[in-house]
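Before any comments, here is the structure.
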2 protein chains.
Amino acid sequence: MFKNTMPRYEILSEDAMASLETAWRRLMTEVGVEFMHDDALELFRQAGQKVVDNTVFLDPEFVLAQVAKAPREFDVQARNPANNVHIGGDFMAFSGVYGPPFVREGAVRRDAMMDDFRNFTKLAQGYDELDSAGGIICEPYDTPLDSRHLDMLLALQTLTDKVYMGNVVSGVNARDTIAMGEILFGGREAIEETPVSISLINCNSPLRWDDRMLESLLEYAKAGQPVVLTPFILMGAMSPVTIPAALVQQIVEALSGIALAQLIRPGTPVIFGSFLSNIDMQSGSPCFGTPESGIGLLCTGQIARRFGLPFRSGGGLTSAHQADAQAGYESLMTLMPTFLAGANWVMHSAGWLEGGLVAGYEKFVMDVELLQMLRAEFTPLEIDEASLAFDAHVEVGHGGHFLGAMHTMERFRTCFHRPFLSSSDNFDKWTRNGSLDTNERASVIYRKRLEEYEPPPMDDGIREELERYVIRRRAELGD
Amino acid sequence: MFKNTMPRYEILSEDAMASLETAWRRLMTEVGVEFMHDDALELFRQAGQKVVDNTVFLDPEFVLAQVAKAPREFDVQARNPANNVHIGGDFMAFSGVYGPPFVREGAVRRDAMMDDFRNFTKLAQGYDELDSAGGIICEPYDTPLDSRHLDMLLALQTLTDKVYMGNVVSGVNARDTIAMGEILFGGREAIEETPVSISLINCNSPLRWDDRMLESLLEYAKAGQPVVLTPFILMGAMSPVTIPAALVQQIVEALSGIALAQLIRPGTPVIFGSFLSNIDMQSGSPCFGTPESGIGLLCTGQIARRFGLPFRSGGGLTSAHQADAQAGYESLMTLMPTFLAGANWVMHSAGWLEGGLVAGYEKFVMDVELLQMLRAEFTPLEIDEASLAFDAHVEVGHGGHFLGAMHTMERFRTCFHRPFLSSSDNFDKWTRNGSLDTNERASVIYRKRLEEYEPPPMDDGIREELERYVIRRRAELGD
């Protein structure tokens with residue numbers, strides 16, 4: 001796992017933090033949060049919170065007391081223990097794109113299929129930079145709606161041996177996720193001791209948690225499985241247009257969800273979620289990789305640390321339609337602040353295109369390149385006699401070159417990050433190789449990676465039990 | 001001008017700074033720096049420094065005493081006073097690409113021509129994000145080598161009313177730059193009082209200043225014109241492969257040049273230069289936008305501030321051949337640290353491609369987009385009652401939207417940065433518009449900008465005097 005021991009870049013002054021604190025306390029108390037599920041309302045009522053219809057008017061001190069029950073850091077197990085992840089502190093875990101109904105390969109944009117889901121899972125398995133393939137990597141159009149979560153889970157559990165995300169479409173799907181986790185990891189007790197999935201609970205921002213998400217939250221929290229409580233905010237639509245207001249709303253939403261998780265089961269591992277960008281105020285389109293989203297991300301990290309909570313951000317977000325220049329700079333405009341802020345759980349780390357509507361094969365490869373670069377960039381310098389290289393200067397002298405110096409010879413294989421997608425070929429060589437742009441080179445790379453895919457070893461008995469579960473449940477669901 | 005009042009991102013501990021200090025003092029004292037110009041050697045000798053052949057073994061305390069004579073901040077005047085720049089402190093000034101012999105427009109890569117030089121100058125004039133078109137924006141192949149500096153200067157002085165950079169090919173060229181500055185700004189006294197050009201003095205790293213660069217330095221310093229003393233370091237070739245060693249070398253080179261500038265004329269405005277990246281250790285190709293260059297840039301800012309000097313960095317650097325994904329992310333991989341470090345004079349801010357061999361029209365447009373985004377991102381949040389927007393929450397309530405809220409209506413035109421190149425069009429609209437990638441959209445934009453160019457007003461008498469000077473000097477130079 002990547003441990004980010006570089007300094008955090010924090011841009012909110014203590015005064016600013018105090019203003020945000022006053023504001024979230026007021027919003028929580030006076031406007032409150034809607035929970036569209038009776039069990040949730042009942043839990044808050046029993047805990048002494050004021051509930052009017054579906055709205056809970058929360059006492060900030062009560063909420064902070066709940067938040068304090070959540071672990072500051074926690075582990076999630078993968079079926080290969082070498083791929084276990086630790087959430088929190090300086091650790092950063094990366095998972096693939098989540099949610100797109102479409103896929104892009106080269107110039108073709110089309111409906112996502114189950115084979116695409118499997119392909120992206122395989123790609124994620126093959127790159128060390130990804131700690132998880134994700135969850136709903138894409139929505140496979142060629143599988144029945146009611147049971148596709150089973151197919152997706154089976155693919156995540158068998159084609160990778162990394163951590164995976166749970167399904168949150170309904171309580172039923174959450175229960176299937178948990179049941180399949182029990183099969184893979186040796187029963188309920190084992191997964192309650194160390195959780196085996198991370199699930200994304202999105203808020204219907206502003207200030208409303210919907211019934212299906214809450215159903216899932218209830219299931220996962222009961223089973224001690226981590227949940228990412230994520231305000232889903234496109235400023236201008238789901239929040240006021242000003243960043244401070246969006247940050248305040250984000251705090252209220254995230255903390256209210258986290259408080260509920262703790263009411264369901266004290267100690268439930270939670271992640272302070274953030275999905276914060278803005279719309280284009282002329283067209284209403286969502287925009288990603290924007291300056292506002294970068295600022296929001298930096299602030300979110302600082303805020304989550306103040307509450308002692310691990311936090312989640314987006315990864316390589318962009319509105320671009322393909323892996324072109326805009327995709328390159330917008331993705332980095334999110335990913336660089338992600339590293340500067342030290343996000344603990346990074347979703348959409350690879351493959352996101354077109355505002356999340358498209359999972360892109362070439363984009364996936366490009367994003368892995370960015371992750372490699374940033375991991376190198378956020379590695380502290382080692383400064384010692386050897387790295388200061390005085391002797392190399394004595395050897396080379398004035399106006400010489402260091403290509404053949406002893407200091408260089410000892411280090412040349414590993415001294416610099418070496419890209420696998422970016423080209424520093426000179427013009428002649430680049431032309432001889434077909435004048436390929438980054439997108440075209442990425443196309444060659446992902447195809448080769450898929451050919452080279454090797455399934456991680458798996459116990460046949462467990463695999464068969466998972467397959468039997470999927471067949472049985474699919475029949476029960478009528479598909 | 002852009003003032004960057006966000007925090008600086010500093011990654012060197014005090015221990016690290018102390019190690020670098022010990023190391024640069026030792027390197028300066030024991031290995032010394034070569035100066036390939038008798039006047040420079042004589043100045044150091046007279047100042048009591050040990051000179052052996054062309055090598056000056058410098059006393060660190062003497063060097064620091066010279067450095068202390070340089071102004072911490074200074075002004076440079078443009079012929080339109082609204083475009084004057086202030087170098088140092090929180091201010092960041094941006095100039096265009098510098099040096100490429102080739103040009104790219106769309107799929108065509110060809111020799112740069114004087115018309116290209118003029119075009120890039122016009123583009124720089126038209127974008128507020130650029131404080132200067134630069135100097136050698138490209139090397140115009142269709143003009144005679146000995147006198148092309150005159151054509152370039154005339155273009156910079158007449159087609160823009162912004163600050164420009166001086167020519168450094170030789171002392172002769174430097175004198176022409178100064179003479180034309182005197183014509184434009186009203187004589188020697190005027191330009192000595194407030195300088196009118198900034199000139200790039202590159203070190204022949206490692207640890208050697210060449211004769212032509214020193215000739216230029218001598219001329220500019222005598223005239224009180226600012227110089228950027230820039231170690232030119234591709235780690236692995238011009239310095240050891242380790243970043244700490246490169247930083248130490250960079251300090252020794254920059255400070256030795258700065259000390260010389262102060263010996264020539266105490267108080268000469270200087271900029272601590274940095275051009276720091278690495279080569280690919282397999283091919284020997286220069287690489288840009290690398291993690292190592294990003295780290296180097298962050299450290300350089302911290303170091304320059306320790307010496308109380310303004311500093312220079314590169315802007316949108318990339319090895320990419322066109323404005324594709326690699327160009328997008330590599331450029332931002334340099335530009336984001338440029339803002340995080342608060343570089344005061346940013347060269348190659350727009351148009352750089354292919355490791356600096358190519359000035360790209362589309363790339364120019366892409367880089368301006370990045371500059372706009374970063375300027376927005378590095379603008380501090382305003383947190384007050386209005387931006388916290390409590391009333392908007394009361395108005396909208398739970399699960400609603402803010403599109404029509406009063407708070408939104410009052411701010412929607414200016415609340416978010418609005419890109420001019422990036423597209424957030426939905427797939428249908430994007431397809432109807434021709435499915436253009438970023439590079440293709442940039443192509444449309446730069447052509448339109450060139451059509452819309454309007455020359456800034458200029459006194460006819462001065463223009464004619466400049467033209468007469470160019471004609472006379474061209475004849476004298478035999479072209």
- Test A:R468 against the stated conditions and say whether it is among the charged types (D, E, K, R), away from chain B (no Cβ under 12 Å) and touching a residue at least 12 places away in the same chain (Cβ under 8 Å). no
- Note on the structure: Within the range A:354-378, the residues that are at negative phi, within 17 Å of the chain's Cα centre (by Cα) and not charged (D, E, K, R) are A:L357, A:V358, A:A359, A:G360, A:F364, A:V365, A:M366, A:V368, A:L370, A:L371, A:Q372, A:L374
- When the range A:113-129 is examined, which residues are found to be crowded, with 23+ Cβ neighbours inside 10 Å and among the aliphatic types (A, V, I, L, M)? A:L123, A:A124
- Item | A:V396, sole failed condition from (1) of a type in the set (A, V, I, L, M); (2) touching a Leu at 6+ places or on another chain (Cβ under 7 Å); (3) over 30 Å from A:F120 (Cα atoms) | (2)
- Task: Output the residues belonging to the range B:288-331 that are within 15 Å of the chain's Cα centre (by Cα) and either more than 12 Å from every other protein chain (Cβ to nearest Cβ) or outside any loop (DSSP other than H, G, I, E, B) (or both).
- Result: B:L297, B:T300, B:G301, B:P310, B:F311, B:R312, B:S313, B:G314, B:G315, B:S331
- Query: Residue check: is B:E105 in contact (Cβ under 8 Å) with a residue 12 or more places away in the chain and touching a Phe, Trp or Tyr at 6+ places or on another chain (Cβ under 6 Å)?
  - Reply: yes
- Query: Only one of A:L403, A:L381 is under 34 Å from the mean Cα position of the chain (by Cα), more than 30 Å from A:V163 (Cα to Cα) and hydrophobic (A, V, I, L, M, F, W, C); which?
  - Reply: A:L381
- Picked from the range A:130-163 (must be open to solvent by 10 Å² or more (accessible area, probe 1.4 Å) and of a type in the set (S, T, Y)), the residue farthest from A:E465 (Cα to Cα) is A:Y141
- Sort out which residues of the range A:371-412 are basic (K, R) and within 7 Å of another protein chain (Cβ to nearest Cβ), and write them in order of number. A:R411
- Task: Select from the range A:14-34 the residues that are free of Cβ contacts under 8 Å to residues at least 24 places away in the same chain and either in contact with an Asp or Glu (Cβ under 8 Å, 6 or more places away or on another chain) or more than 9 Å from every other protein chain (Cβ to nearest Cβ) (or both) and list them in ascending order.
- Result: A:E14, A:A18, A:E21
- Note on the structure: the range B:164-280: strands (runs of 3 or more DSSP E) wholly inside it with 1 or more residues that are within 14 Å of chain A (Cβ to nearest Cβ), under 24 Å from B:L335 (Cβ atoms) and open to solvent by 10 Å² or more (accessible area, probe 1.4 Å) are B:197-202, B:232-235, B:275-279
- Task: Could you grab me the full set of residues in the range B:24-42 that are closer than 16 Å to B:P60 by Cα and open to solvent by 20 Å² or more (accessible area, probe 1.4 Å)?
- Result: B:R25, B:R26, B:T29, B:E30, B:E34
- Message: Every residue in the range B:301-329 that is open to solvent by less than 10 Å² (accessible area, probe 1.4 Å) and closer than 19 Å to A:L335 by Cβ, please.
- Response: B:G316, B:T318, B:A320, B:A325, B:Q326, B:A327, B:G328, B:Y329
- Of all residues in the range B:433-479, which are of a type in the set (G, A, S) and assigned to a helix (DSSP H, G or I)? B:A442, B:S443, B:G461, B:A475
- Query: Does the range B:343-363 include one or more residues that are among the β-branched types (V, I, T), open to solvent by less than 10 Å² (accessible area, probe 1.4 Å) and either within 9 Å of another protein chain (Cβ to nearest Cβ) or closer than 22 Å to A:S423 by Cβ (or both)?
  - Reply: yes
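Determine if the range B:71-78 includes at least one residue that is without any contact (Cβ under 8 Å) to a residue 24 or more places away in the chain and either surrounded by 15 or more Cβ atoms within 10 Å (Cβ to Cβ) or among the aromatic types (F, W, Y) (or both). So that I can check it myself, show each step before the final result.
Step one: list which residues in the range B:71-78 are without any contact (Cβ under 8 Å) to a residue 24 or more places away in the chain, which gives none.
So far as the range B:71-78 goes, no, none of its residues is without any contact (Cβ under 8 Å) to a residue 24 or more places away in the chain and either surrounded by 15 or more Cβ atoms within 10 Å (Cβ to Cβ) or among the aromatic types (F, W, Y) (or both).
Would you mention how many residues in the range B:41-89 are within 14 Å of chain A (Cβ to nearest Cβ), in contact with a strand residue (DSSP E or B) (Cβ under 9 Å, 6 or more places away or on another chain) and of a type outside the set (F, W, Y)?
7
The values are calculated or read from the model by the stated rules, or taken from the named source; none is laboratory data. No experiment lies behind these values; they were computed from the predicted model shown. When we count neighbours, we look across all protein chains shown, and the Cβ atoms used for this are built from the backbone with ideal geometry, even at glycine. Accessible surface is based on the protein model in full, side chains and every heavy atom, while ligands, DNA and RNA are left aside. Shrake-Rupley method; radii C 1.70, N 1.55, O 1.52, S 1.80 Å.
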